[in-house]
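Scroll down for the structure; my scribbles are underneath it.
Any read-out appearing in this document is the output of simple, stated calculations on the displayed coordinates, not a laboratory observation. Please read all numbers here as calculations on a predicted model, not as lab measurements. Virtual Cβ from ideal backbone geometry, glycine too; neighbours counted across all protein chains shown.
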Amino acid sequence: MAVQENLRFDTVSGETLREIEIEGERFYYAYAPARSAYTGLLVLLHGVASNGSRWEEFVEMSPLRENWAVLRVDLRGHGGNESTTRATLERMADDVMALIKDTESVVKQPILLVGHSLGAQIAIHVAIRYSETIDGLVLLDPLVTSALTPVAKEKSVWVPFFRLTEAVFRPLNKLGIARRLPKYSLRQDDERAREMLQKGGEAFNEFIRDFSSPWNDIAHVHLAVYARDLLEVSRPTPDLTVFKAPVLVLASSAGLFTDSKRMKDWTVKLFDGEMVTINCAHWPLTECPLDVSRNIGEWIERKFPVRGR
């Protein structure tokens, strides 16, 4: 499958676009160095059927840019990083590590992973596989198995259908038979969604339907990739208690896919876990970006203070 350069997300001020080859496929990512004294590296990981544009507003607004370098990427098979290779959590964790090494940041501690949903699952796998390199995690509404709501658990009945979908469409994609996808700016979707949220009532219900609709998702990602995304987020959450570094969990208050009380129970078992509940359903970067930026910034400043301050 040829990479469609038009699908690449736009960079913001201070970012440069870099390329790297992984397993014979070309990947690109955006990298922004710290504006002043370097403290560490933030790696931003998006969710299911998403792409790196999900983090555009965060990169622009976060005061962490002053002292932290920032890396954001389209995960394997998403956005401009089209791929016919099956993107398991393990493979995507290795992809993330390859990107970190490409920035030459592995010798510059600390390195923090910030992931939403599928991105949170990937971050967990990176932390376990490369615990000697990763110094902290920020998990936005992670789909932790023990915290899933009945609604989320009911979706497991679709697992055989997802497997069949991937089995049918991935060989076709490898033969070059695939839709030509449109460029997808999540920032534009987020701005429209906030207008709906401000109206409340039926507009809020419409937001939930739109953002949880598979029909909306598959308009922007190949079916084989989408099926694999859903299979990966449905896998049991590995034991993160083996990770001996700080973890911040931003949990959703609405309980659409996870229950905040059970998420708290999971978090307190971690070596250095801390949970903050934010007022959203499951898409915090869309629903309350200022709260997300503030909570992440305050936690990082406490756990990883700027050198010399």
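Between rounded, prolate and oblate, where does segment 1-89 land on the alpha carbon gyration tensor, with a ≥ b ≥ c its root eigenvalues, rounded for a/c under 1.5, else prolate if a/b exceeds b/c?
Prolate, since a/c reaches 1.5 and a/b exceeds b/c.
Choose one of Val249, Pro284, Pro238: the residue whose Cα lies farthest towards the positive end of the charge dipole of segment 166-284 (beta-carbon charges +1 Lys, Arg; -1 Asp, Glu; about the Cα centre).
The residue sitting most towards the positive pole is Pro238.
Could you give the nm distance between label points at Asp272 and Lys174, where each point is 7 Å from its Cα heading toward the beta carbon?
The modelled label-to-label distance comes out at 4.4 nm.
Cβ under 14 Å from Ala193's Cβ, Ala193 left aside: what net charge do those residues give with Lys, Arg +1 and Asp, Glu -1?
For residues surrounding Ala193, the net value is -2.
Considering only the chain, what is the antiparallel percent among its DSSP beta bridges, to the nearest 5?
30 percent
Which residues in segment 259-286 place their backbone N less than 13 Å from a point set 7 Å from the Cα of Arg302 along the Cα-to-Cβ direction?
272-277
If you wrap a convex hull around the alpha carbons of segment 1-151, what volume per residue comes out, as a whole number of Å³?
119 Å³
Given the DSSP H assignment, sum -39500 (n - 2.57) over each helix run of at least 4 residues in the chain and divide by its residue total; what's the result at 222 nm in deg cm²/dmol, nearest 500?
Helices in the chain give a 222 nm mean residue ellipticity of -11500 deg cm²/dmol.
So for the chain, averaging the separation of alpha carbon pairs under 8 Å that are six or more residues apart and normalising by length, what relative contact order in percent results?
It comes to 20 percent, rounded to a whole number.
Once a ≥ b ≥ c are taken as the square roots of the eigenvalues of the Cα gyration tensor of segment 102-182, is the result rounded (a/c under 1.5), prolate (a/b larger than b/c) or oblate (a/b not larger than b/c)?
Judged from the Cα gyration tensor, segment 102-182 comes out oblate (a/c at least 1.5, b/c at or above a/b).
If the only charges are +1 at each Lys and Arg Cβ and -1 at each Asp and Glu Cβ, what is the size of the charge dipole of segment 29-186 around the Cα centre, to the nearest 20 debye?
With only Lys, Arg, Asp and Glu charged at Cβ, the dipole is about 580 debye.
State whether segment 154-251 is rounded, prolate or oblate according to the following rule on the C-alpha gyration tensor (a ≥ b ≥ c being the square roots of its eigenvalues): a/c under 1.5 gives rounded; otherwise a/b larger than b/c gives prolate, and the remaining case gives oblate.
Oblate, because a/c is 1.5 or more while a/b does not exceed b/c.
Starting from the eigenvalues of the Cα gyration tensor, five times each then square-rooted, give me the equivalent ellipsoid semi-axes of segment 206-254, largest first, whole Å.
28, 17, 8
Any idea how far the Cα center of segment 77-132 sits from the one of segment 221-244, in Å?
The two parts, judged by their Cα centres, are 13 Å apart.
What stretch of the chain, leaving out the sites themselves, is the longest with no GluC sites (Glu not before Pro) in a DSSP loop having at most 12 other Cβ atoms within 10 Å?
133-309
Based on C-alpha coordinates, I'd like the Rg and Dmax of the chain, in Å.
My reading of the Cα-based Rg and Dmax gives 18.3, 56 Å.
Given bins 10 angstrom wide, list per bin the percent of all Cα-Cα distances in segment 197-309, short to long.
11, 32, 36, 18, 3, 0
Of all trypsin sites (Lys or Arg not before Pro) in segment 161-216, which ones are in loop regions per DSSP and have a Cβ with at most 16 other Cβ atoms within 10 Å?
Counting only loop positions with at most 16 other Cβ atoms within 10 Å, the trypsin sites (Lys or Arg not before Pro) in segment 161-216 are Arg179, Arg180, Lys183.
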